[in-house]
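Report on the following structure.
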2 protein chains.
Amino acid sequence: METDQTPPPGSRRPGGRTARTRAAVRDAVLTGLAEHGYPALTVEYVAEHSGVHKTTLYRRWGSLEGLLADALVLAGEDSWTPPDTGSLERDLRALAREVVDSFSDPAASAAPTAFVGAAFQSERAADALRAFYTERFTRCEVVVERAVARGEAPEGTDAGAAVRAVSAPLFLRLFVTREPVDTALADQSARATATAVAAGAYLTPSNLAEPAEPGS
Amino acid sequence: METDQTPPPGSRRPGGRTARTRAAVRDAVLTGLAEHGYPALTVEYVAEHSGVHKTTLYRRWGSLEGLLADALVLAGEDSWTPPDTGSLERDLRALAREVVDSFSDPAASAAPTAFVGAAFQSERAADALRAFYTERFTRCEVVVERAVARGEAPEGTDAGAAVRAVSAPLFLRLFVTREPVDTALADQSARATATAVAAGAYLTPSNLAEPAEPGS
């Protein structure tokens, strides 16, 4: 899947003939991130672990930031689709549990965590992360669209906000407050988001009759 | 306000006589973080900008990580209290808008952002951040407790989860997906959280009659 954003020079797809090279480079970037984190990762490391010469890496990807950005573009090119259980709350629960599961495994979460950390130090990594998550959450919106079609959620629901809201309490704890996450928390977030969606709390401003002001 | 956690050696309060030294050191740490970020901040920088000798810094705080942790302990020792507007949604809205406001000012947000980034590279910074946010969110819980007392929220509401949920979509965009935040997003999050709280979606597990399963 291509992002519709113009990719930065170093992250353009090198073409079909070099897809294997690109994948090998991506794997080396992910391994390096998992082992050392962003500030310690070097182009030398990527060259050594991918078998691709350093001058080739610089020519094609420009810099370590270019390598990082392209690894994230490639990570987004998967065939993942959101769950379709027939109920909004169950779909949201499955999405939230997926976040918990993927970040509960230290080995599996090291590289994604390093990407989030790298964005604090590199504008280019931040841009790549934004593109990755924007596309990922856009894919999730169908969960809310199906709920609208089933009559579980009102027309005009801000699907993008709802699918972000269900993951947000997990990401908050994982990457900001550094508190533990578990399945119970995922389920609570799904319950809260499904309840708010059903009640129309995520209607887009033009669909909100008036600002809700309980107790006033 | 003291945290009830035993502080790490380097971050123990040096005592009243040296409170000004501690504040000067803290200010130098914050300025350095805002200017250079965590990986580039050095004990030399802190010495130069605080006027406190490097050997004193090492003796009292042990390391750069100790300096960072203590700056965060000191940042938590303020007299901030959450809003009390008489309505849960308005209180939550004020909390959420405060997050938007404080991170919309690049100068004011540089140091807090650098703290969140530093936690990706330092376990000690992560521990300090956890202590800071745990205490901060505990202070916010009164907003939900007052709503329970007013009858706006059911008894047994998980106040800690609710006050985290209202900020979570903002922190997600600021520090993970790198998307913009604004007042409308803060208000949407407050509306959604207040709606979910009122409907009992944040009841603690022992207060939940059965797992909510809309549409099943």
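Screening the stretch A:137-176 for residues that are surrounded by 18 or more Cβ atoms within 10 Å (Cβ to Cβ) and β-branched (Val, Ile, Thr) and picking the one that is nearest to A:LEU208 (Cα to Cα) gives A:THR157.
Of the residues that sit in the stretch B:24-41 and are small (Gly, Ala, Ser) and either out of contact with any Leu (no Cβ under 8 Å at 6 or more places or on another chain) or open to solvent by 30 Å² or more (accessible area, probe 1.4 Å) (or both), which one is nearest to the other protein chains (Cβ to nearest Cβ)?
Of the stretch B:24-41, the ones small (Gly, Ala, Ser) are B:24, B:28, B:32, B:34, B:37, B:40.
Filter again for either out of contact with any Leu (no Cβ under 8 Å at 6 or more places or on another chain) or open to solvent by 30 Å² or more (accessible area, probe 1.4 Å) (or both), leaving B:24, B:28, B:34, B:37, B:40.
Working: B:ALA24: 26, B:ALA28: 21, B:ALA34: 13, B:GLY37: 6, B:ALA40: 9 Å.
My answer is B:GLY37.
Out of B:GLU145, B:GLU179, I need the residue that is in contact with a strand residue (DSSP E or B) (Cβ under 9 Å, 6 or more places away or on another chain) and either of a type in the set (D, E, K, R) or assigned to a helix (DSSP H, G or I) (or both). Which one?
The conditions single out B:GLU145.
For the stretch B:130-141, indicate whether the set of residues that are over 25 Å from B:SER104 (Cα atoms) and under 18 Å from the mean Cα position of the chain (by Cα) is non-empty. Checked against the condition, which is being over 25 Å from B:SER104 (Cα atoms) and under 18 Å from the mean Cα position of the chain (by Cα), the stretch B:130-141 yields no hits at all.
Return a yes/no flag: does the stretch B:25-46 have any residue that is at pLDDT below 90, within 24 Å of the chain's Cα centre (by Cα) and aromatic (Phe, Trp, Tyr). Yes - at least one qualifying residue is present in the stretch B:25-46. Here B:VAL181 meets each of (1) more than 24 Å from A:LEU92 (Cα to Cα); (2) more than 10 Å from every other protein chain (Cβ to nearest Cβ) with one exception, condition (1). Could you tell me which numbered condition A:GLU155 fails, if it satisfies all but one of (1) more than 16 Å from the chain's Cα centre (by Cα); (2) at the interface with chain B (Cβ under 10 Å from one of its Cβ atoms)? Result: A:GLU155 passes all but (2).
Against the list (1) within 18 Å of B:ALA119 (Cα to Cα); (2) without any contact (Cβ under 8 Å) to a residue 60 or more places away in the chain; (3) of a type in the set (S, T, N, Q), the condition A:SER102 fails is (1). Checking each residue in the stretch B:80-130 for being part of a helix (DSSP H, G or I), more than 11 Å from chain A (Cβ to nearest Cβ) and β-branched (Val, Ile, Thr) picks out only B:VAL100. Pairing residues of the stretch B:42-69 that are part of a loop (DSSP other than H, G, I, E, B) with residues that are buried (at least 18 other Cβ atoms within 10 Å of the Cβ), at Cβ distances under 6 Å and at least 6 apart in sequence or on separate chains, gives B:VAL52/B:VAL25; B:GLY62/B:GLY10. Does B:ALA168 meet the test of being more than 19 Å from A:PRO169 (Cβ to Cβ), within 9 Å of chain A (Cβ to nearest Cβ), of a type in the set (Gly, Ala, Ser) and within 15 Å of the chain's Cα centre (by Cα)? No: the conditions fail for B:ALA168.
Note on the stretch B:185-198: residues that are surrounded by fewer than 24 Cβ atoms within 10 Å (Cβ to Cβ) and either polar (S, T, N, Q) or farther than 19 Å from A:VAL166 by Cβ (or both) amount to 1. Scan the stretch A:87-115 for residues that are modelled with pLDDT of 95 or more and open to solvent by less than 30 Å² (accessible area, probe 1.4 Å) and the total you get is 9. Among the residues of the stretch B:61-73, which ones are surrounded by fewer than 20 Cβ atoms within 10 Å (Cβ to Cβ) and touching a helix residue (DSSP H, G or I) at 6+ places or on another chain (Cβ under 6 Å)? Within the stretch B:61-73, just B:GLY62 meets the criteria. In the stretch A:199-213, the qualifying residues are those that are more than 7 Å from every other protein chain (Cβ to nearest Cβ) and at pLDDT 95 or above, and the one that is most open to solvent (accessible area, probe 1.4 Å) is A:LEU203.
Scoring A:THR134 on the criteria (1) facing another protein chain (nearest Cβ under 10 Å); (2) open to solvent by less than 20 Å² (accessible area, probe 1.4 Å) leaves a single failure, condition (2). Figure legend. Inter-residue proximity from the stretch A:175-197: first residues on the phi > 0 side of the Ramachandran plot and of a type outside the set (Asp, Glu), second residues assigned to a helix (DSSP H, G or I) and open to solvent by less than 10 Å² (accessible area, probe 1.4 Å), beta-carbon distance below 8 Å, spacing 6+ or different chains. Indicated pairs: A:ARG178/B:ALA126; A:ARG178/B:LEU129.
The values are calculated or read from the model by the stated rules, or taken from the named source; none is laboratory data. What you see is a predicted model; the values in this text were computed from it and never measured. Don't worry about glycine lacking a Cβ; one is built from the backbone with ideal geometry, like all the others, and counts go over all protein chains shown. Surface accessibility is based on the protein's heavy atoms, side chains included, excluding ligands, DNA and RNA. Shrake-Rupley method; radii C 1.70, N 1.55, O 1.52, S 1.80 Å.
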